[in-house]
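S.K.: Pasting a structure below so you can have a look.
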Amino acid sequence: MVNRGRDESLVYILLKISVLRESLTIFGEQLKVLEQPRWRKSHDHFALSAPARSTTARKYEFGFSRMVTARALLLSHSALRLFQSDELLVDDEEFGLEGGRHAPAVTDYPIPGRSTTPTPTPATPTTRRRYSDIDSDSKVQFTLQHAFGDSEFTPAGTFTARLKTGSHGGQTLTKLRFSRNSLTDAEQEKFKGLLLEDDFYKIRLPSNVLSPPGRNYTFSSVRARCLPREGLDEHFVMHMEGVNILAVNYGSPGACPYPRQLKVPAKWSFNSHTVLKYSEQAPRTPLFTEEALIGENAEGEIVAPPEKSFWAKYWMYLIPLGLIGCKYRHKKKMISAQIQKVLARKPDAASLSGPVSA
Amino acid sequence: MAIRVFFLLLLLHSSSIPVLSLYEDQVGLMDWHQQYIGKVKHAVFHTHKAGRKRVVVSTEENVVASLDLRHGEIFWRHVLGDKDAIDHINIALGKYVITLSSEGSILRAWNLPDGQMVWESFFTVRKPSKSLLLIVTDLKVDRDSEILVYSNGNLHAVSSVDGLILWSMNLAAESVEIQQLIWPHGGDVIYAVGFSGLSQLHAYQVSAKNGELLNHDIVEVPGGFSGDMSLVSTETFVALDATRSIMVSLMLIDGKISFQQAYVSDVVPEFSGVAAILPSKLEGMFAVKFNSRIAFIRVNDEGMLEMVDQVEDLAAVSDVLVFNEEHRAFVLVQHGGSKIHLNVKLAHDWNNDLLKESIEIDHHHGLVQKVFLSNYIRTDRSHGFRALVVMEDHSLLLLQQGEIVWSREDGLASVIDVTTSELPVEKEGVSVTKVEHNLLEWLKGHVLKLKGTLMLASPEDIAAIQALRLKSSEKSKMTRDHNGFRKLLIVLTKAGKLFALHSGDGRVVWSLLLQSLRKSEGCPHPIALNIYQWQDPHHHALDENPSILVVGSCGIGNDESVLSFIDTYTGKELESVSISHSVVEVIPLPYTDSRERRLHLLIDSNKQAHLYPRTPEAAAIFLHEIPNVYWYSVDTDNSIVGGHALKHNCISEVADDFCFSTRGLWSIVLPLDSEKIIATATRKSNEVVHTQAKAMSDQDVMYKYISKNVLFVATVAPKAAGRIGSVTPDESWLVVYLINTVTGRILHRMTHLGSQGPVNAVFSENWVIYHYFNLRAHRYEMSVIEIYDESRVDNKDIWKLIVGKHNLTSPICSYSRHEVSTKSQSYFFTHSVKAIAVTSTAKGITSKQVLIGTVGDQVLALDKRLLDPRRSANPTQAEREEGIIPLTDSLPVIPQSYVTHALKVEGLRGIVTAPAKLESTTLVFAYGVDLFFTRLAPSRTYDSLTEDFNYALLLLTIVALVAAIFVTWILSERKELRDNWR
């Protein structure tokens, strides 16, 4: 009982008690309150992302149903880009969106999206075109390669992005677009093989987008059975450090419960979601020295503790008194009346407790 | 109403940080502390009257200590820093111990009686080189003696009174490496002899008074030198040529060198192979080692060499000891069966033994490695000899009159790894406890205790009670106890020796020098690596004893490894296997076979996995689980973190069912020019987490992201990898990663700008705490990251958690994309940190404390609540109730929260925690040069009554209550009777 450490379990139990205690009065309200924030949050979600300045990239993973909103967002975002901000780009645009065929709910045509995509050329995977204009942006391309189980890596798609040079010389990628090659029949067969064996589907990216493959390829893999939904849903998270890709995390966007069920996709096409992530800055250590000084300078004013109510102050005396009072039946009515009087009045009535007991 | 009272209590508790402290009389009740010095490198006996009882030693753990020759106790001891290795030790002026350390850059004088440092001198050293120390006495100048130090091409003369540098001389001009400093007795001339290039020999004649170079002679010796050189007398020394088959004897007369060469095979007919000169200083002689033999060769006045004797399997030779003004003696140590033979011989008379003794020595000490000789005067005024012997297990023995006077287990100063083992269960009839053998003693003890309780005890009685409490037999029993406080601490030392220490009083229950980790043909440089729990029977095979696995490797570049299996009850080696692959990593798997042996996966340098135990049953269990086995590797040189899975059996000529090839699943390639991995941390595999959810004050529930497969990695800018202050804040940064090691997903990545290592980190439950240096604030900082799973947010309502609509029991798969959120916060911390650990309890209910090994070699217990990222400047009432402490910028260091109270664990290297059976209690073992053990209760012992609980008062209250009930009952009966009569 004297567990002085604040373990969660204890707190949890205590909260349970407190909830039980207050449930009768607050329950109705509480339900409302708990419903509300959740509802509000889902709206915040998009409200926050529209300015495209938030640092939490986790909010930019878009499900099917949100796809439309997301695209609208992209439009508004590129509209915003016309304005050339001179702001220091520390954690600018942490996300980009994919090109390719990404919204099967909107269209079922397999061709148009892909016909516009440039065919990847493995011999020269990167074409870097410098813009001559002042914003010193340039286009960068790098190839995604994939492998089925232990097979060799083959090209699977192309990422296109704009390289932005910050005022302090740092280079970042923005406006990432992705075009996925469709799986050939042979590849589909291989993928089916992976599904049967619950084997790994691997992808890899160069660790440096300017001079691929950089020091080494960074690769990632997923159990093939995690990908199929309607089509094949995939999710890339690229962790960037300037023009270096530190890591690519690849997987399905949703859950993949164990044991994994064998499911062959209805359509052999990928729905790709891509997120670019840059490093967060650690929160600064709080500094209290200034505040402490201000506190001292404020004319040495002592903050008085908040005045407690009469009941809070004297409940421990009043209860036994009340109990004793109950014994004397003939006095009962009078005393209860007086207690009520006392309660009704403010603390100056404290002196009355003497006569009460008498 | 009870709830309100409860809340008030809770408020009271949450506003005060629990401080754990001891009363003075509780010291030693549940903790013990042992002091060691490490493997002795040099020993100097003091011959003056006052110091005769002592020996001064320097050790490989950088300790200089003065030991009592009668009992082996430590008079005084100083642990120098980690990188401050002691090269030489000597005694000057009869009252100062002089040490030369850090490759000849620091010279210190310690007062011999009490070990106070008298003075300290520094010499600048640019590159490490051989250093020499010579003490010149009788200089007839102010009764001072001069200390000559050679380091890094410079010869310095230092006054032994105050450490002032008298003169310095640069000898580095011709790139001469000085090998010997010679001081012919009675003169004020010093000779420095050294090589330059391959074959040039230089002799400098220097005035000891002012450092004037008197003479410089250079001789070209055909055949060159191998580097070995031994001083035979003040004007003769011997070296080996580059092929190690020709001996060169050099004479130094008035600063002129003359030399003679002789083939080793001419002097020693049986010679074959290569020779090496032993470093022992023998008068008029030197010892040459070849194969397993040692030949003693005498050098006569003309520089002619002549073999005196050769000895097979000689263990060690001491330096020559001067006694009785002109006699010189040394000792030879040889092994013979379980005995060692000591032969003390006179330097000029080989054929007569001054003393011959053989002593029985426990085979757990291994072979003799070093011997130091000292003499004393016997009661019959003849000369006696005593020898200080350093053994293979780093223990130190004093031998005198054919007996072991004392021995010290100084191997325990270099602990590599620690694990705990349960003691045997107390069985019916086989009671290990000794019944109180004397009824009178027993009665006396109880009378004393009663006196103590009734406060009638005199000071002597109190001391007696304290002594009784301290050596209570209860805590040192050899059986399991109900609370799980009694355990065996199995400790592996650098020498390859295992010790089982009793957690009650720290005594050595058994010790074992592992045969497999001793030098052998196939394994010339064995290194002990780690201990793992091999068999821990608790369900099925209860009649079997638990056992542990010790993994050793045969050194770098050698593909052999050794495994040893040891019974932890008896301390016997059950089996030892020599395996033909290297061991880079050992992964204990969460599967056991029918004998409760844990399956282990050993990864070799070719990234092949080998399964142990090699039984078909284990293979069957493992094959079933192969798809779910993943492992990761961290390549610090290339800054690559990689994940791997197992594929199928190895492809090799010999079919091996227990070998599996692996394949890479993911990789994280950190740019070499901006990030260098300096620290990693993972959760302890046996850690227990009680609650997966954390209830917030607003009745929300946060789900902890609890996965055994999370890795913490800290990287710094390569420039900033050096010591603190070597870079500006702009050039240094610290990046921390939380990585899921199954999928390679980076859960969190965060940069601390302007920060630098060294990083010490500890990972537990869903949080990691790490310590680093903030260059901008010029202070150390500690940061905390807590990681929460957001994917179960649907169950956020505490009601759903209570009525059971949660999915806490569903299996969690790393391939599901869990949304995670992190919270982090940084705090300033006063100390630099040597080691960091976290308390662990049996069920994980008790709140945690972070144990910090501070720079002062103490262990500080810091409540985890202080390192809560949710601390805010003005917590709300609800948050206060939850136990959130108002935010401060630095972590408080409360003197009472030092676990080690007044003691120091010198040279602290690691802290190990183990849960006791009692949920509130955790066992803490800190090791370095010293060992320290204690019990901690981070939230107080809420589940048991403390030792000082007042049972008497409780009893008294109960008796009084019962009496009162009776009295009132009788009274009321009477009253009722009276009323009825009315």
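S.K.: For region B:946-969, state whether one or more residues are in a loop (DSSP other than H, G, I, E, B) and within 12 Å of another protein chain (Cβ to nearest Cβ). Steps first, answer last, please.
M.R.: Let us first name the residues in region B:946-969 that are in a loop (DSSP other than H, G, I, E, B), namely B:946-950.
If we keep only those that are within 12 Å of another protein chain (Cβ to nearest Cβ) too, we end up with B:946.
Yes, region B:946-969 contains a residue that is in a loop (DSSP other than H, G, I, E, B) and within 12 Å of another protein chain (Cβ to nearest Cβ).
S.K.: Can you pull out every residue in region B:692-713 that is small (Gly, Ala, Ser) and touching a strand residue (DSSP E or B) at 6+ places or on another chain (Cβ under 6 Å)?
M.R.: Start the filter on region B:692-713 by keeping residues that are small (Gly, Ala, Ser), which leaves B:693, B:695, B:697, B:707.
Matches in region B:692-713: B:Ala693, B:Ala695.
S.K.: From the list B:Leu601, B:Leu670, B:Leu646, exactly one residue is within 14 Å of chain A (Cβ to nearest Cβ), over 30 Å from A:Val243 (Cβ atoms) and of a type in the set (A, V, I, L, M, F, W, C). Which is it?
M.R.: Details: B:Leu601 fails: within 14 Å of chain A (Cβ to nearest Cβ); B:Leu670 fails: over 30 Å from A:Val243 (Cβ atoms).
Of the residues listed, the single one that is within 14 Å of chain A (Cβ to nearest Cβ), over 30 Å from A:Val243 (Cβ atoms) and of a type in the set (A, V, I, L, M, F, W, C) is B:Leu646.
S.K.: What tally of residues in region A:147-166 results from selecting those that are within 14 Å of another protein chain (Cβ to nearest Cβ) and either of a type outside the set (A, V, I, L, M, F, W, C) or surrounded by 18 or more Cβ atoms within 10 Å (Cβ to Cβ) (or both)? Explain how you work it out, then say what you get.
M.R.: Residues of region A:147-166 that are within 14 Å of another protein chain (Cβ to nearest Cβ), as a first pass: A:147-153.
Those still in the list that are either of a type outside the set (A, V, I, L, M, F, W, C) or surrounded by 18 or more Cβ atoms within 10 Å (Cβ to Cβ) (or both) too: A:147-152.
Residues that pass the stated criteria total 6.
S.K.: Select the strands (runs of 3 or more DSSP E) contained entirely in region B:318-360, then report the ones holding at least 1 residues which are not hydrophobic (A, V, I, L, M, F, W, C).
M.R.: On the way: elements: B:321-323, B:327-336, B:339-346, B:353-360.
Of the strands (runs of 3 or more DSSP E) lying wholly inside region B:318-360, those with at least 1 residues that are not hydrophobic (A, V, I, L, M, F, W, C) span B:327-336, B:339-346, B:353-360.
S.K.: Ok, one more. Testing A:Ser211 on (1) buried (at least 19 other Cβ atoms within 10 Å of the Cβ); (2) more than 10 Å from chain B (Cβ to nearest Cβ), one condition comes back false. Which one is that?
M.R.: Exception for A:Ser211: condition (1).
S.K.: Take B:Ile640 and decide whether it is modelled with pLDDT of 90 or more, of a type outside the set (Phe, Trp, Tyr) and either under 22 Å from A:Asp150 (Cα atoms) or in contact with a strand residue (DSSP E or B) (Cβ under 6 Å, 6 or more places away or on another chain) (or both). Break it down stepwise before answering.
M.R.: Values: modelled with pLDDT of 90 or more: yes; of a type outside the set (Phe, Trp, Tyr): yes; either under 22 Å from A:Asp150 (Cα atoms) or in contact with a strand residue (DSSP E or B) (Cβ under 6 Å, 6 or more places away or on another chain) (or both): yes.
So B:Ile640 fits the description; yes.
S.K.: Across region B:917-949, what is the total count of residues that are more than 23 Å from the chain's Cα centre (by Cα) and surrounded by 12 or more Cβ atoms within 10 Å (Cβ to Cβ)?
M.R.: The initial filter retains those residues of region B:917-949 that are more than 23 Å from the chain's Cα centre (by Cα), namely B:917-921, B:937-949.
Filter once more, keeping what is surrounded by 12 or more Cβ atoms within 10 Å (Cβ to Cβ): B:917-921, B:937-944.
The qualifying residues number 13.
S.K.: A follow-up question, please. Mind telling me which of the residues B:Val577, B:Val583 ends up being surrounded by fewer than 17 Cβ atoms within 10 Å (Cβ to Cβ), of a type outside the set (S, T, N, Q), within 20 Å of B:Cys650 (Cβ to Cβ) and touching a strand residue (DSSP E or B) at 6+ places or on another chain (Cβ under 9 Å)?
M.R.: Exactly one of B:Val577, B:Val583 is surrounded by fewer than 17 Cβ atoms within 10 Å (Cβ to Cβ), of a type outside the set (S, T, N, Q), within 20 Å of B:Cys650 (Cβ to Cβ) and touching a strand residue (DSSP E or B) at 6+ places or on another chain (Cβ under 9 Å), namely B:Val577.
S.K.: Also, quick follow-up: In region B:478-503, which residues are within 18 Å of B:Gln533 (Cα to Cα) and among the aliphatic types (A, V, I, L, M)?
M.R.: Within region B:478-503, B:Leu488, B:Leu489, B:Ile490, B:Val491, B:Leu492, B:Leu498, B:Ala500, B:Leu501 meet the criteria.
S.K.: Could you please find all residues in region B:672-714 being within 27 Å of the chain's Cα centre (by Cα), assigned to a loop (DSSP other than H, G, I, E, B) and either crowded, with 22+ Cβ neighbours inside 10 Å or not aliphatic (A, V, I, L, M) (or both)? Write out each step before concluding.
M.R.: Taking region B:672-714 first, the residues within 27 Å of the chain's Cα centre (by Cα) are B:676-688, B:711-714.
Remaining after also requiring assigned to a loop (DSSP other than H, G, I, E, B): B:683-688.
B:Arg683, B:Lys684, B:Ser685, B:Asn686, B:Glu687, listed by residue number.
S.K.: Can you name the number of the only condition in (1) within 30 Å of B:Asp889 (Cα to Cα); (2) at pLDDT below 80 that A:Ser279 fails?
M.R.: A:Ser279 satisfies all of (1) within 30 Å of B:Asp889 (Cα to Cα); (2) at pLDDT below 80 except (2).
S.K.: Considering each of B:Ser431, B:Ser458 in turn, give the residue that is closer than 30 Å to B:Ala914 by Cβ and at pLDDT below 90. Let's see the steps before the verdict.
M.R.: On the way: B:Ser458 fails: closer than 30 Å to B:Ala914 by Cβ.
Unique residue meeting the criteria: B:Ser431.
S.K.: Quickly run through region B:755-794 and pick out the residues that are part of a helix (DSSP H, G or I) and either out of contact with any Phe, Trp or Tyr (no Cβ under 9 Å at 6 or more places or on another chain) or among the hydroxyl-bearing types (Ser, Thr, Tyr) (or both).
M.R.: Going through region B:755-794, the residues part of a helix (DSSP H, G or I) turn out to be B:793-794.
Of everything in region B:755-794, just one residue is part of a helix (DSSP H, G or I) and either out of contact with any Phe, Trp or Tyr (no Cβ under 9 Å at 6 or more places or on another chain) or among the hydroxyl-bearing types (Ser, Thr, Tyr) (or both), namely B:Asp794.
S.K.: What tally of residues in region B:214-265 results from selecting those that are closer than 22 Å to B:Leu181 by Cβ and charged (D, E, K, R)?
M.R.: Residues that pass the stated criteria total 5.
S.K.: Here are some residues: B:Ser824, B:Ser755, B:Ser783, B:Ser840. Which one is at pLDDT 90 or above and more than 13 Å from chain A (Cβ to nearest Cβ)?
M.R.: Selected residue: B:Ser840, the only one of B:Ser824, B:Ser755, B:Ser783, B:Ser840 that is at pLDDT 90 or above and more than 13 Å from chain A (Cβ to nearest Cβ).
S.K.: Considering only residues that are among the small types (Gly, Ala, Ser) and closer than 30 Å to B:His482 by Cβ, look in region B:843-887 and name the one that is nearest to the other protein chains (Cβ to nearest Cβ).
M.R.: The initial filter retains those residues of region B:843-887 that are among the small types (Gly, Ala, Ser), namely B:844, B:847, B:853, B:856, B:861, B:872-873, B:878, B:883.
From what's left, closer than 30 Å to B:His482 by Cβ: B:844, B:847, B:861.
On the way: B:Gly844: 9, B:Ser847: 3, B:Ala861: 12 Å.
Checked region B:843-887; the qualifying residue nearest to the other protein chains (Cβ to nearest Cβ) is B:Ser847.
S.K.: Residues of region A:185-208 being within 7 Å of another protein chain (Cβ to nearest Cβ) and buried (at least 24 other Cβ atoms within 10 Å of the Cβ), which ones?
M.R.: Hit for region A:185-208 is A:Ser207, nothing else.
S.K.: Which strands (runs of 3 or more DSSP E) does region B:91-204 wholly contain that include 1 or more residues that are of a type in the set (Ser, Thr, Tyr) and over 25 Å from B:Asp217 (Cβ atoms)?
M.R.: Numbers: elements: B:96-101, B:106-111, B:117-122, B:131-136, B:146-151, B:154-159, B:165-170, B:177-182, B:189-196.
Where strands (runs of 3 or more DSSP E) fall fully within region B:91-204 and carry at least 1 residues being of a type in the set (Ser, Thr, Tyr) and over 25 Å from B:Asp217 (Cβ atoms), they are B:96-101, B:117-122, B:154-159.
Yes/no matrix, rows are residues, columns are (1) more than 10 Å from chain A (Cβ to nearest Cβ); (2) among the small types (Gly, Ala, Ser); (3) more than 32 Å from the chain's Cα centre (by Cα):
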position: B:Ile626; (1), (2), (3): yes, no, yes
position: B:Ser639; (1), (2), (3): no, yes, no
position: B:Phe660; (1), (2), (3): yes, no, yes
position: B:Gly664; (1), (2), (3): no, yes, yes
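S.K.: Being touching a Ser or Thr at 6+ places or on another chain (Cβ under 6 Å) and surrounded by fewer than 21 Cβ atoms within 10 Å (Cβ to Cβ) narrows it down to one of B:Asp481, B:Asp559, so name that one.
M.R.: B:Asp559
S.K.: A further question follows. Go through region A:220-244 and count every residue that is within 20 Å of A:Ser179 (Cβ to Cβ), at the interface with chain B (Cβ under 8 Å from one of its Cβ atoms) and crowded, with 24+ Cβ neighbours inside 10 Å.
M.R.: Matching residues across region A:220-244 total 1.
Yes/no matrix, rows are residues, columns are (1) under 20 Å from B:Gly496 (Cα atoms); (2) small (Gly, Ala, Ser); (3) in a loop (DSSP other than H, G, I, E, B); (4) within 14 Å of another protein chain (Cβ to nearest Cβ):
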{"site": "B:Val577", "(1), (2), (3), (4)": "yes, no, no, no"}
{"site": "B:Val583", "(1), (2), (3), (4)": "yes, no, yes, no"}
{"site": "B:His610", "(1), (2), (3), (4)": "no, no, no, no"}
{"site": "B:Arg614", "(1), (2), (3), (4)": "no, no, yes, no"}
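S.K.: Scan region B:857-904 residue by residue and report those that are among the charged types (D, E, K, R), on the phi < 0 side of the Ramachandran plot and part of a loop (DSSP other than H, G, I, E, B). Write out each step before concluding.
M.R.: First, the residues of region B:857-904 that are among the charged types (D, E, K, R): B:857, B:863-865, B:868, B:870-871, B:879-882, B:889, B:904.
Cutting the leftovers down to on the phi < 0 side of the Ramachandran plot gives us B:863-865, B:868, B:870-871, B:879-882, B:889, B:904.
Across region B:857-904, the qualifying residues are B:Asp868, B:Arg870, B:Arg871, B:Asp889, B:Lys904.
The values are calculated or read from the model by the stated rules, or taken from the named source; none is laboratory data. If you're wondering where the values come from, they're calculated on a predicted model, not measured in any experiment. Neighbour counts are summed over all protein chains in view; Cβ atoms, including those assigned to glycine, are modelled from backbone coordinates with ideal geometry.
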